[in-house]
Amino acid sequence: VRLVESGGGLVQAGGSLTLSCTAFGSDGTYIANMAWYRQAAGEERELVARISSGSTTDYANSVKGRFTASRHSTENMMWLQMDSLKPEDTAVYYCNVPLYFGDFWGQGTQVTVSS
């Protein structure tokens, strides 16, 4: 399984970005949960949002009300809509898919929010 993220970039505070993640090589694999993590420079990686196969979502307190995770109903794809971005949202954002045979990560996409 290979995860590919896209959609990062530079945005001013208050702006929006949408990240996407596609799981290649996952045909026939049931993916129950998909998640977004982020890691700021000098910080540990932290969970941002998690979404189940039934689209139940769970968010970090720091992004509740500003970020929205969604996923395709049949394909192994998910998105993260990020609104009202703040400088403290600056980080590398990673897509994560935990499977019974391994924990898979994307290469990450940089999000930079300028003040």
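The values are calculated or read from the model by the stated rules, or taken from the named source; none is laboratory data. None of these values were measured; they are calculated from a predicted model. Please note: Cβ atoms are built from the backbone with ideal geometry, for glycine as well, and neighbour counts cover all protein chains shown. SASA here: full protein model, heavy atoms, side chains in, ligands and nucleic acids out. Shrake-Rupley method; radii C 1.70, N 1.55, O 1.52, S 1.80 Å.
Taking every protein chain into account, the accessible area of the chain amounts to 53 square angstrom per residue (probe 1.4 Å). Distances between every pair of Cα atoms in segment 13-74, grouped in 5 Å steps from 0 to the bin holding the largest one, split as 4, 14, 24, 25, 18, 10, 5, 1, 0 percent.
Charging the Cβ of each Asp and Glu at -1 and of each Lys and Arg at +1, and nothing else, the dipole of the chain about its Cα centre rounds to 140 debye. Computing FRET efficiency as 1/(1 + (r/R0)^6) for residue 100 and residue 61, where r is the C-beta to C-beta distance and R0 is 30 Å, gives about 0.55. In this structure, residue 40 and residue 74 have a Cβ-Cβ separation that, at R0 = 41 Å, corresponds to a calculated FRET efficiency of about 0.75. For the chain, dividing the convex hull volume of the Cα atoms by the residue count gives 92 Å³ per residue. When the alpha-carbon atoms of segment 56-115 are used, the pair Rg, Dmax equals 13.1, 42 angstrom.
Centroid-to-centroid, using Cα positions, segment 13-56 and segment 86-115 are 7 Å apart. Anyone know which of 59, 93, 30 comes out most mobile in the 10 Å Cα GNM of the chain? So, out of 59, 93, 30, the one fluctuating most is 30.
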